[in-house]
Each structure stands twice: as C-alpha cells, then as structure tokens.
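I have placed the structure first, in the form of structure tokens, so that the comments after it can refer back to it.
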C-alpha cells in the first residue's frame, strides 16, 4: 500500500517528534496601564478582541470587517504613520482560515503594532491602500501568494508570478518544487500543450544533468570530446583532471595498525 | 496591437498602438540601468513620463517558500541571496529574528564582530551605490574609484569568512569564527582610506560638479508624507527629512553604546540622498574605529550558550558525550523554537530589513516573511516617476538604490 501523505499541508515536516515534547510559548505580556500601548488599546476600544505585547510589539486581534476602521484609528489618532509590512499566514489545513497581519510603525515614538485578524477561506478583505500607499504592492503580493482577494484595491493583479499562473505558491497545499502546471509552464507557453507528450518529462528541465550526455561535459574527470559516443566505460579519464579529484583507494591512504 | 505568434516576432520594446499621442516603452528587464530585472512600463508624452508601472518578479525564487521547508540553520545561507550587495546584513537580520524568538543573546565578542561586519557591509553597499549611481548618470570614473575601495572591503570580508559576495558570516547565536590575525590593522587602514577617499575622491569629483548637480538637484522629490505613506525606510526616509534610523531608535547589538550621528537631509531630492550616503559612510567608519578597542576588551566566546537551540563549541562536541548528542539532534532535526511570532526590524544599508517569523514549535518556520526595503521603494516608482523626463528616470532608479534579489525574493 502506498504511504499516506496528507494533501492539505505538503511542506517539510519533522521526521521525529518526541511524544512528550511540550512546545513552550513565547511569553506574552499584558499592556501596562499608563504606557503608550495602553492609549492605543483605549483608542481602538470595543473593536478589539484581544491584545498583548509579544517581543516588544503590541499585537491587536480584531475582526476582519473592522480592519480599515482600526488601522485608520491607529494612523490618525495614535500616530502610526507607516505600514511596514502586510501579509498572511495559511491556516487552511487546521482552521480553514487565513491569519492576516499588518505591521505598523510609529515614527515619533519608535513603537510597533501588529494588527492581526482571522479571515475565512473565500472571503475578501478591505484594502487599506487609501490609508497607506505601501499596501498597494503588499496587498498585491498577498493576493499573488495566497489568493486572498482585496476589495477596493486600485490594481489587484499578480505581482511576482506571471499573470497566467495557476495556483498560489505560498499556500501549504502548494509543493515546494511546484505542481504539474508549474513544471510544464514553459513548454505549454512556448510550444503548446500538445508538446507535453513530444518533449516528455525527461527533456522538460533544461538544467537537468544527464550522465549520458556527451555534449555538456558534466562528468568531471571523465569528459569525452564534443558529440563523441559515450560508451559508458569510465576508465579512459583525462589525466589532468585526475589531479583535482581525491583518490580514495586504499593504497593511497595510510591506515594505522592500532589506535594511538 | 501586435499579434505575436511563432512566425512573426514580437517587438517587446515598442508598442506601436498610439493613443492620444503617448508612446509606451518597456524599460528593461534587461536594461543596464535598471539595477537588475526591473521591467518598467513607461507611458511617454514626448519626453515626459505620464504613467509608470514597475513590473517585478523576474528574479522570484520563492525564498519565503524555501524558508518553510528548511530548518532554521539550513535557511541562513539562503538569506545571502536577498540583498546580495550586502549579504551579512541579511544573515544578521534573520539570525537576530530567530534569536529574539528563542530568547538568547550573542556573547560580547560576537556582537562586536557582527557590528563590525554590518558596518563594513554598509560601506560596501554604499560604495556600490555611489559607483552605479554615478555610472548611470554618466560619471564613469567614479565607478572605477569606488570599486577600487570596495575591493579592499571585499578582501576584508574574504579574509574573515572566505566569501566575497555570499558571506553567511553570521550564525544564529553568534558568529562562526574569530577575526584572523592582522584583520583589525587592515580594518583600521581601510577606515582611514575610506575617509580619505570619500572626501578627496568622490565628494571632490561629484559634490560641486555642475553636471552632477544639474542631473540630481530637484530630481525625484519625495515629500516626508509620501515617504512614510509609501513605506520608505533608510536613506530614502532620512532623505525626506525624517530622522528615523533603527540603529538609534530601536537599538540592537552594540549600537546603543556607540557614538554616531544620523545624517538627515530635508532636501527630499536625489542630491540630498547622495549627500546622505556620503555622510553615512563616514559614520560607518567612525563606528568601525570605535569597535576596534571594544574587540580587544571582549572575552573570546563566540557562540551563545543555549544547548537546547545551539550546538556547543567544536571542542566540547569532540570531548563531551552530551554535547555530541545535542549537536547530532540539532543537525539532524533542527532546533525547535517556542510557539510564537516575532517581527524584528534592522537597519540594512537599503533601509528597514525585517523578518517576520511565525513559529509553531516545529523545526521549520510556519511562515517567514521578509520585509525588504527595496520592494517598497520599487512600489514608490509608480508615484515619483510620473511627470519627470525620461532622462531622469535613470537617476531616480539609481537614487532609490534597489536590489532585485530582495525585491523579488
């Protein structure tokens, strides 16, 4: 029987985990009264679901519908005038939702806030591009990488991947070396789909190194002239390259008779 | 509209369809002044840009995806390929983020060496900036002089870690090596050399140069509000009059102990930014000179002691059973940081380089987001290029100092 491989998360996994291993959590601190962060929490008020300080950043959990409102409050009332980063984390396998975050910076106070919300699969989020222009590229990247649609974005289009790409590369369901579509992308695009059979998977990847290939001199130490027949015997190596190779035969190395 | 097929070639650089007398041209992705694989679609009215659309992704290698499939230590050399002009700053930003996540601090000597390498990389990057920027604008000789000094800095890096471009000179929890013999003397000579050359070569050639001033003054003006709004950081933000340097405001490593100034320019144009880069090089050598005595006072320990996360020194691994076991587990399985998330900003030569890491307690990061300064500076191009002339486009791209390794990741 074939080994069962979960399809919802095809990323690398630890090959061994101790059954009794309890994963600790990075300490979360409460927001102290009277601090700058306490004022931020107060300004947001009832929209807030949860707030704590994790590694000197204030983390604010909100509902996905309120993102524009909360970030507008942060910008206009709390002085968070820069949106450093925005992206998402894929939790589709476990909870069927994405975690979206916005990393904001207050230049005057040198404080950072992270606004976090959980967005169900298939729902769209409101764009914060009217508040922060930097979200223009960041939201496009999020759309490209996760397929999360952004409402009222001026130009929501793939940014890093080609426009005609299928799939969203940073999803946990997307394999590291690409899916079927990715591996045939160039062939499909240049020659057409019907050429998949003619070219075949063995010729698909131009960077692939074939041991029998005499034209690319990929066998160090056993090169043959360009285009020559390769008969598979590896004795007729070229002398000069032998020097570059370490000879691991027994005669060349010295073995001690007993331990020192 | 051209119809491209196998028989009739597609003229990629020209779009012959004209609408209200504008012409659309492709600037790049193979243009030598595009600083890498930037494809800039420019709509021109005569010589004036009416619309600019930066198209990126030609160097996309999926580094964030790779981070989810590599253990924390495995991923570190990959960060070299982000901003390949100053690799150590990427290694460092990543290592610092993981260190914050697992809650350890590098020992004193490692901190000194790291700060030295960071500042050396800043000089390397800024020399590269001034070289290519001047070359783009047309001052050929500055390129040669700046690369001469950059070569010395690269030699120093090579003496330290053996690599000139992809350094991987920082490890999570410290640095792998101590400084080689005679390195500090070479560094001191290099600092003096840079100080001298900045004043007597680059500034002498450029600052009062009439052509240089005409090409740079009032070109690529970014207001302070725009700079914040578009996510500009580093020299781009300080060039617009906002004195925000992460080394000063949110100090990491030894920057809180060091004495240096943050140059700010409120000119908001390319010339102001050029002056800023020059001043930053001086500040970097000032920092480097202060670090030399600090190194001599420090204890020789190079890696933090945290057996759960970081392998013991080689000597212990070779002599002590338990250290060898720990090392084996850390190499084969990788370290398992606690569950949690962290965003750590650092001041790379280009701006704010931050790593967001979401850990679920596995040896693989659940999500890693690299906040690259150049990505947002590229986004800014669609705003500041509009209304400028095509000759200034090259100046503005050069002045933003973007590197495509970190734009596309």
Q | Cα-projected label distance for residue A:173 with residue A:28, points at 7 Å along beta-carbon direction, nm | A | 2.9
Q.
From the gyration tensor of the Cα coordinates in segment B:260-348, what semi-axes in whole Å does the equivalent ellipsoid have, largest first, with each one equal to sqrt(5λ)?
A. 42, 20, 9
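Evaluate peptide B:236-242: per residue, the Cβ atoms of other protein chains within 10 Å of its Cβ; return the mean as an integer.
Details: counts 0, 2, 0, 0, 0, 0, 4.
Counting other chains' Cβ atoms within 10 Å and averaging over B:236-242 gives 1.
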Q: Mind jotting down the distance between the C-alpha centroids of segment A:1-45 and segment B:38-91, whole Å?
A: 28
**Q.** Nearest-ten-degree value, helix B:108-137 long axis tilted from longest Cα axis of chain B
**A.** 10
Q: Once you have a ≥ b ≥ c as the square roots of the Cα gyration tensor eigenvalues for segment B:297-342, tell me rounded if a/c is under 1.5, and otherwise prolate or oblate according to whether a/b is larger than b/c.
A: oblate
Q. What is the distance, in nm, between label points placed 7 Å from the Cα along the Cα-to-Cβ direction at residue B:298 and at residue A:95?
A. 4.0
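Other chains near B:349-361: what is the mean number of their Cβ atoms within 10 Å of each residue's Cβ? Write out the running numbers ahead of the final one.
Details: counts 0, 0, 0, 4, 0, 5, 1, 8, 0, 4, 3, 4, 7.
Mean shielding by partner chains, rounded to a whole number: 3.
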Q. Does segment B:33-126 come out rounded, prolate or oblate, given a ≥ b ≥ c as the square roots of the eigenvalues of its C-alpha gyration tensor, rounded meaning a/c under 1.5 and, failing that, prolate meaning a/b above b/c?
A. prolate
Q: Pop a pseudo-label 7 angstrom from the Cα along the beta-carbon direction at both residue B:328 and residue B:211 and give the gap in nm to one decimal.
A: 6.7
Q: Treating the angle as unsigned and between 0 and 90°, give the value, to the nearest 10°, between the Cα long axis of helix B:373-384 and the longest Cα principal axis of chain B.
A: 20
Q: List the pair-distance distribution P(r) of segment B:63-371, using every Cα-Cα distance, as the percent of pairs falling in each 10 Å bin from 0 up to the bin containing the longest distance, rounded to whole percents.
A: 6, 26, 33, 23, 9, 3, 0
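Evaluate E = 1/(1 + (r/R0)^6) for residue B:61 and residue B:178, where r is the Cβ-Cβ distance and R0 equals 45 Å; express this FRET efficiency to the nearest 0.05.
Details: r = 33 Å, r/R0 = 0.73.
It comes to 0.85.
Which whole-number value in Å³ per residue fits the convex hull of the alpha carbons of segment A:1-116?
Taking the convex hull of the Cα positions in segment A:1-116, it is 145 Å³ per residue.
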Q. Which semi-axes, in whole Å and largest first, does the equivalent ellipsoid of segment A:35-83 have when worked out from the alpha carbon gyration tensor as the square roots of 5 times its eigenvalues?
A. 15, 13, 10
Q: Can you tell me the 0 to 90 degree angle between the C-alpha axis of helix B:87-102 and the longest principal axis of chain B, rounded to 10?
A: 50
Q: Out of all DSSP beta bridges with both ends in the protein assembly as shown, state the antiparallel percent to the nearest 5.
A: 90
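Provide B:212, A:165 in ascending order of the number of other Cβ atoms located within 10 Å of each residue's Cβ, fewest first.
Details: B:212 20, A:165 15.
In order of increasing Cβ crowding within 10 Å: A:165, B:212.
Taking Cα pairs under 8 Å and at least six residues apart, what relative contact order does chain B come out at, in percent? The partial results should precede the final answer.
Values: 760 pairs, mean separation 101.5, N = 409.
Result for chain B is 25 percent.
Count, for each residue of A:4-14, the Cβ atoms from other chains sitting within 10 Å of its Cβ, then give me the mean as a whole number.
The mean count of partner-chain Cβ atoms within 10 Å per residue comes to 3.
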**Q.** Intensity falloff of segment B:78-205 expressed as log10 I(q)/I(0), Debye formula with alpha-carbon point scatterers, at q = 0.12, 0.19, 0.21 Å⁻¹
**A.** -0.48, -1.03, -1.18
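Can you tell me the FRET efficiency between residue A:186 and residue B:195 if r is taken as the Cβ-Cβ distance and R0 is 51 Å, rounded to the nearest 0.05?
On the way: r = 51 Å, r/R0 = 0.99.
Efficiency computed from Cβ-Cβ geometry: 0.50.
Counting each DSSP H run of 4 or more residues in chain B as -39500 (n - 2.57), what helix-only mean residue ellipticity at 222 nm follows after dividing by all residues, to the nearest 500 deg cm²/dmol?
Working: 17 runs with 192 residues, N = 409.
Mean residue ellipticity, 222 nm, calculated: -14500 deg cm²/dmol.
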Q.
Given a 10 angstrom Cα cut-off, can you work out which residue in B:328, B:375, B:152 is the most mobile in a GNM of chain B?
A. B:328
Q | chain B: most fluctuating residue of B:62, B:162, B:174 per GNM, C-alpha cutoff 10 Å | A | B:62
Q: Would you work out if the protein assembly as shown is rounded, prolate or oblate? Take a ≥ b ≥ c from the square roots of the eigenvalues of the alpha-carbon gyration tensor; rounded if a/c is under 1.5, else prolate when a/b is larger than b/c, oblate otherwise.
A: rounded
Q: Go ahead and run the numbers for FRET between residue A:16 and residue A:193, Cβ-Cβ distance against an R0 of 60 Å, rounding to 0.05.
A: 0.90
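Coordinate-derived values only; no laboratory data. Because the structure is a prediction, the values reported are computed rather than measured. Glycine also receives a Cβ, built like all others from the backbone with ideal geometry; neighbour counts cover every protein chain displayed.
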